[in-house]
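The block underneath contains the structure these notes are about, expressed in structure tokens.
The values are calculated or read from the model by the stated rules, or taken from the named source; none is laboratory data. Just so we're clear, the structure is a prediction, and the values are computed from it rather than from any experiment. Virtual Cβ from ideal backbone geometry, glycine too; neighbours counted across all protein chains shown.
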Amino acid sequence: MPAQSVKFYQVGSRAVGNRLLDAELRTEQSSAERRNSITSGHRACQGCGEALGARYVLDTAERVTGGRLVTVNATGCLEVFSTPYPESAWQVPWLHSLFANTASVASGVAAALEAQGRTDVRVLAQGGDGGTVDIGFACLSGMFERGDDVLFVCYDNEAYMNTGVQRSGATPAYARTATTEAVGPIPGSRPGQGKDLPRIAMAHEIPYVATATVAELRDLEAKVERAMSMRGPRYLHVLVPCPLGWGSAPAETVHLARLAQRSGLFPVFEAEHGEVTSVLPIRDRIPVEEYLRPQRRYAHLFADPPRTDLIERIQQIADRNVARYHLDPHEIPHEEGA
Amino acid sequence: MRRQLEGSRAIAETVACCRPGVIPAYPITPQTHIVEALGTMVRKGQLAPCRFLTVESEFAAMSAAIGASLTGSRAYTATSSQGLLYMTEAVFNAAGLGAPIVMTVANRAIGAPINIWNDQSDSMALRDSGWIQLHAPDNQAAADLHVLAFRLAEELSVPVMVCVDGFVLTHAFEPIDVPEQEIVDAVLPPYRPRQVLDPDDPVTIGAMVGPEAFTEVRYLADRRLRSAPPAFERIAAEFAEAVGAPQRRARCVQDYRATGADTVVVALGSVTGTLRDVVDSIDGVGVLTITMYRPFPAEEIRAVLVGARRIVVLERALAPGASGIVTSDVRSALAGLDVPVQTVIAGLGGRPIGAASLRELLARPGLEDVTFLDLREDVIDRELGRETVREPIAERDGEAAVESAGERAGA
Amino acid sequence: MDTPFAITLGPGSSSVNRTGTWRTERPVYVDRLPPCNQACPAGENVQGWLYTAEEGDYQTAWRQLVAANPLPAVMGRVCYHPCETACNRAQLDHAVGINSVEEFLGDEAIRRGWVLPTPAPDTGKRVLVVGAGPSGLSAAYQLCLLGHHVEIRDSAARPGGMMRYAIPTFRLPRYVLDAEIDRILALGIDFRPNTPVEDLTAEHGFDAVFLAVGAQLAHRAYVPAAQSARILDALDLLGDTAAGQRPQLGRTVAVYGGGNTAMDAARTARRLGAEEAIIVYRRTRERMPANDIEVTDALEEGVRMKWLATVKHADVGVLTIERMELDEHGVPQPTGELEELQADSLVLALGQDVDHTLVDTLPGVRVEGGVVQVDEHMMTGHPGVFAGGDMVPSARSVTVAIGHGAAAARNIDAWLRGTVATPEPEREAATFERLNTWYYSDAPETVRPRLDAARRVSDFAEVTGKLDADTALYEARRCMSCGNCFGCDNCYGVCPDNAIVKVPTGHGYAIDLDYCKGCALCVTECPAGAIDMIPEPD
Ligand SMILES: Cc1cc2nc3c(=O)[nH]c(=O)nc-3n(C[C@H](O)[C@H](O)[C@H](O)COP(=O)(O)OP(=O)(O)OC[C@H]3O[C@@H](n4cnc5c(N)ncnc54)[C@H](O)[C@@H]3O)c2cc1C
Ligand SMILES: Cc1ncc(C[n+]2csc(CCOP(=O)(O)OP(=O)(O)O)c2C)c(N)n1
Ligand code: SF4
Ligand code: SF4
Ligand code: SF4
Ligand SMILES: [Mg+2]
């Protein structure tokens, strides 16, 4: 009986760092020299997933571009908590114009850099889900379609948080928001497919589309790195739980992002030129209930009597994602052309 | 060298001489010829390394211009009417951020009803967006003003809108001297942005400012804007000298036989030519053309109008329910002077402003405070007569309403 | 840059905004007691040395290990590893193979000749240790390191106690035992073999005594037998075999008893040529005192089990067996049903008793239930005389014996200094619930290679193989470092406020209280459960 002979690190592939790993194999976030693109003193709520996600994304982008990066930011929590006069939390060049026009401003920035021959400087635009899938959508689609050299990052906290948690096109079915109260026969946000921007982005056949969460740091960093290795329009959609809007404990932010992925409700994948190229398989799948229950925005589903019918509907959404993206690693691959 | 050119073409060629870095554009009549021409020049490599972006909306056009401008590229765009309104939010934003963008507004009416023809409702609607607004009296000026606009914008870090009457100027063929490249280069140095997105100096542009500093921000912006008239005069003089044509020297306000005149007609834009022709044949009447409408050159205007006994403001836009937009500005410039300021609304939605009508109007003895030039009285009478005067909603409830409706039906 | 007022701000200027004032609770790093440490009878800091081992620094890991236990190569083979039973990882997939890593480190030390620490300067105190079994050796080792002069006396010719004279060589090769014992004795311990201590009152010239004579008397049970029936004691069988003899047992051997000794005896019998070895035990398998792995090993090697049976009579070549039944209390009761069992010899493995004659004349010493009683300081009723190992109430294992030796040494040291040893401060338990196990890679245990059963019975070669450097590293890295920071950078990474800084000392991290908003994300995401949230002090 031969003994197993595998090199592995007990938390190597999932934790932020590991003292056992070579420095170059650790995440950017584990580095004492990480840039802290958004630095301390910002006014995000305790446990804000967006603040975390932005640092994750930008620090990596900063590293892979060697600090040759400029950013454009939409109106929203990220902008508001980071730049109230007279203090800015940004350590990167940063421009905020409006809520809806981020992608276009970024297109202009990219065009200017190109006109000036400064193609070493890369452009990253970022905004919330409202600024991306709703009001900023036309500009974003234009940016995609024109092939502008910009990475657009959407920090999806699934509602208009900065204005007090109103429904956006990215708000999931039955989630309570201030404009979709949990009353009536169909409580919370209206069911439907919402605006699945990653898939819409893929329909533009842009070089790169990826989704990620703040719970899978290595995956996220790899995606930022991959995105920055390419030119042209690229889109990264990062799930960033919001304790305020989701009614969750600040300490649960990363955990909830993980549960979202593990439930299948938030598929994590990559696509190039419109084709899915890889998915993050669900390591240990959970029923959606486990993800929904800790969030107050879904409390009405677990009231007396519980809305098991609606929970079942949400489960179906998860099941559909799992099937669509082949998220279950144990799934028997489909025979093609048989 | 003067060439027979379409106004739009002359503007495009002048803008080209200004060496723009990025031109985001979205089509709308009557601006189209300008951006088409520029797009073609970029395509042909004549403007290298300029980038021409075919954006998906005017909002995107202005937004991209903001991005480009704050990244250190000279940014230009053009629009009209609905397009201008569609980009409104970004127009204000560009001013707030101090992005020295130059934009041509080919003035056109605003719908509904949709109307592609000229008036100045569009740029008037945005007069307080924080931009400098220059109005071209003719096509030579339209071309020249773009050079001045870039220089002024970049000197002050304030965006400049060059307003050109749609069709009347944009589509008119005239002999125009597009300034030579060397002259433009001499007047317009390379763009040196006040602030810029730069990895080597990573500032935060576009912070959120609360009550503790917002007033000061606005005060400073206002101060800066108010420094535009003298700067404009200086630059215009410099330019006129460079082109060797003193008659092409632009002024904030242009005095045509106005100083000392009994009646002065105040106007903006292309109607100037017609007006000058008209007053040539009327004694004691002069014309004051406002080229720089924002900031409003109140002192310069007052200096010209101080001796007049009557002022007639020819408005190419209407402030519904309040009449004359420019009139109010002129009135405030003349505060303390006891002189009647009368409003003439003219040329809305492309209606021609005829010399005969103007002559008749100026000769009219007691001109009303507000007059609509060439108003089709018969249409108005008919329509007013046809319009049923509706009773207040409360009274229409219940039987009374049925009764009165019956009465009306029988009437 | 000529930046406009207020609209444009300098980079990173938010650091003047001390968000720490928002906090109502603050995170603190803790060192909780991992269950493995808690369960180790030898008092090893298992988590601690695994932490070092997983870095591949085996020598340092070994040094940490031998601070508590000077016999790791032995323990790696014979310890029943309660640490693994307690290991939190068992709740995730399989317990960490602590024992196998321990063996690996012990063997590495032997192979590479790593030496034990240098003893402290001579204190001038003299301690007598009676018995060179694991307990006596452990005490002697610790006392010697503390600078005391130690003399060990043993009635046997060689040191090791049961490790040498009972545990079969196929489980514990003697070169391993020799290497580890020699290393201890070489510290400067005065070892006197063949020197039984019979009357302690006669011993003078020592400042303290540690007794560790074990339980070496085979428990006698009356089995009616024919004159020429072949009946022998398991300890004799094992002792003789260990000494290199090949006792004649015949073709079929019955072993009477259900403890580890019985298993060892039966397995030894197989190796001595018995075609059949049958264990006769009064109760059921579940109630067998023998360690489960030992039972499994025996079964694998073809040993047969006869449960619920007592030997009524032994004759030449045949035993009379009575079938038993468990009553409602689980006590076996005779049924009167008899049967015959062919057996050429009967090996008695019915337990061991303590020979306490050497303390019988010592005033104050209390013997109860056949074992010597000690207080919480391991001291007998006679001041200055301490005792441990099998001779005191205990679970009777090498590991417990080593733990007793070390504990006694601490107390003897205090006694010699005229003080009382202070117990280790209580640490809160590092429970499984506190872990965030998501971060640990799926990593099933590494199973030590083992000899095929067929080959096993043919000779006395060691049954269980070893980990190599790779597998040992793998196994060490399976440790989740329960309750103790292991430098994964998670807290540093997940803080949305960059309020965790890396520092060169201590845990490697510190909370920047100027900015920590008290969200507790770091606490939730710490894989090891090594951060607590505490109320903000007023
Ligand atoms: C067959 C068998 C297998 C076992 N297997 C395991 C196992 O796998 N794992 C495990 O943990 N435990 C095992 N044990 C138990 C373990 O061996 C004992 O619990 C342990 O050895 C006890 O250690 P000790 O130091 O107290 O006594 P011992 O090991 O019994 O040592 C006592 C020493 O004192 C000496 N001595 C006795 N009387 C005197 C005297 N009057 N004067 C001087 N010297 C004296 C003896 O010669 C002996 O050297 C096994 C026991 C047996 C019998
Ligand atoms: C044109 C316009 N409409 C509305 C707003 C008000 N507004 C500011 S932030 C915001 C919500 C932002 O939501 P999202 O983009 O999801 O970002 P979040 O705050 O959730 O991170 C809204 C509605 C605005 N600033 N501009
Ligand atoms: S409301 Fe949500 S997204 Fe906004 S700062 Fe708070 S936690 Fe972050
Ligand atoms: S995982 Fe490691 S620290 Fe935790 S109980 Fe097991 S061996 Fe001990
Ligand atoms: S994650 Fe940061 S802010 Fe939150 S408790 Fe830990 S140190 Fe404080
Ligand atoms: Mg949002």
Can you pull out every residue in the range C:462-495 that is among the acidic types (Asp, Glu) and facing another protein chain (nearest Cβ under 10 Å)? C:Asp468, C:Asp470, C:Glu475, C:Asp489
Which residue out of C:Ala68, C:Ala53, C:Ala61 is within 14 Å of chain A (Cβ to nearest Cβ) and either touching a Phe, Trp or Tyr at 6+ places or on another chain (Cβ under 8 Å) or within 16 Å of ligand 1 (Cβ to nearest atom) (or both)? C:Ala61
What are the residues in the range C:87-127 that are in a helix (DSSP H, G or I), among the small types (Gly, Ala, Ser) and away from ligand 1 (no atom under 16 Å from the Cβ), if any? C:Ala90, C:Ala109
I'd like to know if the range B:74-92 contains one or more residues that are farther than 15 Å from B:Gln31 by Cβ, touching a Pro at 6+ places or on another chain (Cβ under 9 Å) and buried (at least 24 other Cβ atoms within 10 Å of the Cβ). yes
Members of the range C:2-20 that are in a helix (DSSP H, G or I) and within 11 Å of A:Thr83 (Cβ to Cβ): C:Ser13, C:Ser14
What do you reckon, is A:Pro86 buried (at least 24 other Cβ atoms within 10 Å of the Cβ) and over 18 Å from the mean Cα position of the chain (by Cα)? no
C:Thr446 being over 30 Å from C:Ala274 (Cα atoms) and within 11 Å of another protein chain (Cβ to nearest Cβ): yes
Name the pairs: first residue in the range A:73-88 and at pLDDT 95 or above, second residue of a type in the set (D, E, K, R), Cβ to Cβ under 8 Å, at least 6 apart or on different chains? A:Asn73/A:Glu79; A:Cys77/A:Glu50; A:Leu78/A:Glu50; A:Val80/A:Arg43; A:Phe81/A:Arg43; A:Ser82/A:Arg43; A:Pro84/A:Arg43; A:Tyr85/B:Glu212
For the range A:138-152, what are the residues that are surrounded by fewer than 24 Cβ atoms within 10 Å (Cβ to Cβ) and either on the phi > 0 side of the Ramachandran plot or within 16 Å of ligand 6 (Cβ to nearest atom) (or both)? A:Gly147
Determine which member of the set C:Asp538, C:Asp512, C:Asp452, C:Asp459 is facing chain A (nearest Cβ under 8 Å) and either more than 16 Å from ligand 2 (Cβ to nearest atom) or modelled with pLDDT under 85 (or both). C:Asp512
Yes or no: C:Asp514 outside the structural domain of C:Glu54 (by TED's automatic domain parsing) and charged (D, E, K, R)? yes
Would you mention how many residues in the range A:101-140 are among the small types (Gly, Ala, Ser), within 7 Å of chain B (Cβ to nearest Cβ) and under 30 Å from A:Gly164 (Cα atoms)? 4
Residues located in the range A:138-178, provided they are in a helix (DSSP H, G or I) and either within 11 Å of ligand 2 (Cβ to nearest atom) or charged (D, E, K, R) (or both): A:Glu145, A:Arg146
State the number of residues belonging to the range A:244-279 that are away from chain C (no Cβ under 13 Å) and within 16 Å of ligand 6 (Cβ to nearest atom). 5
Exclusive hit being buried (at least 18 other Cβ atoms within 10 Å of the Cβ) and assigned by TED's automatic domain parsing to the domain that holds C:Cys495, set C:Gly20, C:Gly48: C:Gly20
Can you find a residue that is more than 10 Å from ligand 5 (Cβ to nearest atom) and touching a Leu at 6+ places or on another chain (Cβ under 8 Å) anywhere in the range C:439-446? yes
Within the range B:180-204, considering residues that are of a type in the set (D, E, K, R) and within 30 Å of B:Arg3 (Cβ to Cβ), the one nearest to the other protein chains (Cβ to nearest Cβ): B:Asp185
Within the range A:139-166, tally of residues that are away from ligand 3 (no atom under 16 Å from the Cβ) and either β-branched (Val, Ile, Thr) or free of Cβ contacts under 8 Å to residues at least 12 places away in the same chain (or both): 1
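Within the range A:71-78, can one find any residue that is among the hydrophobic types (A, V, I, L, M, F, W, C), over 18 Å from A:Arg122 (Cα atoms) and within 20 Å of the chain's Cα centre (by Cα)? So that I can check it myself, show each step before the final result.
Pass one, the range A:71-78, residues among the hydrophobic types (A, V, I, L, M, F, W, C): A:72, A:74, A:77-78.
Now drop any that are not over 18 Å from A:Arg122 (Cα atoms), which leaves A:77-78.
Within this subset, residues satisfying the condition of being within 20 Å of the chain's Cα centre (by Cα) are A:77-78.
Within the range A:71-78, one or more residues are among the hydrophobic types (A, V, I, L, M, F, W, C), over 18 Å from A:Arg122 (Cα atoms) and within 20 Å of the chain's Cα centre (by Cα).
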Is there a residue in the range B:203-217 that is in contact with a helix residue (DSSP H, G or I) (Cβ under 7 Å, 6 or more places away or on another chain) and touching a residue at least 12 places away in the same chain (Cβ under 8 Å)? yes
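Per-residue answers, yes or no, for (1) more than 30 Å from C:Leu238 (Cα to Cα); (2) away from ligand 5 (no atom under 14 Å from the Cβ):
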{"position": "C:Asp459", "(1), (2)": "no, yes"}
{"position": "C:Tyr474", "(1), (2)": "yes, yes"}
{"position": "C:Arg477", "(1), (2)": "yes, yes"}
{"position": "C:Gly493", "(1), (2)": "yes, no"}
{"position": "C:Asn498", "(1), (2)": "yes, no"}
{"position": "C:Val501", "(1), (2)": "yes, no"}
Mind listing whichever residues of the range C:515-532 are within 37 Å of the chain's Cα centre (by Cα) and more than 8 Å from chain A (Cβ to nearest Cβ)? C:Cys522, C:Cys526, C:Ala528, C:Gly529, C:Ala530, C:Ile531, C:Asp532
Residue count, the range C:1-50 (criterion: over 24 Å from B:Asp200 (Cβ atoms) and either under 19 Å from the mean Cα position of the chain (by Cα) or at the interface with chain A (Cβ under 8 Å from one of its Cβ atoms) (or both)): 22
What is the number of the single condition among (1) part of a loop (DSSP other than H, G, I, E, B); (2) surrounded by 24 or more Cβ atoms within 10 Å (Cβ to Cβ) that B:Ala64 does not meet? (1)
Restricting to the range C:184-199, give me the number of residues that are surrounded by fewer than 20 Cβ atoms within 10 Å (Cβ to Cβ) and either within 16 Å of ligand 4 (Cβ to nearest atom) or in a helix (DSSP H, G or I) (or both). 1
If I go through the range A:109-138 residue by residue, how many of them are within 16 Å of ligand 3 (Cβ to nearest atom) and touching a helix residue (DSSP H, G or I) at 6+ places or on another chain (Cβ under 7 Å)? 6
Evaluate the range A:265-285: report whether one residue or more is exposed (fewer than 15 other Cβ atoms within 10 Å of the Cβ), modelled with pLDDT of 95 or more and hydrophobic (A, V, I, L, M, F, W, C). no
Extreme residue, nearest to ligand 1 (Cβ to nearest atom), among residues of the range A:160-190 that are crowded, with 23+ Cβ neighbours inside 10 Å and at positive phi: A:Tyr174
Condition test on A:Ile282, is it touching a residue at least 24 places away in the same chain (Cβ under 8 Å), within 14 Å of chain C (Cβ to nearest Cβ), closer than 28 Å to A:Leu25 by Cβ and not in a helix (DSSP H, G or I)? yes
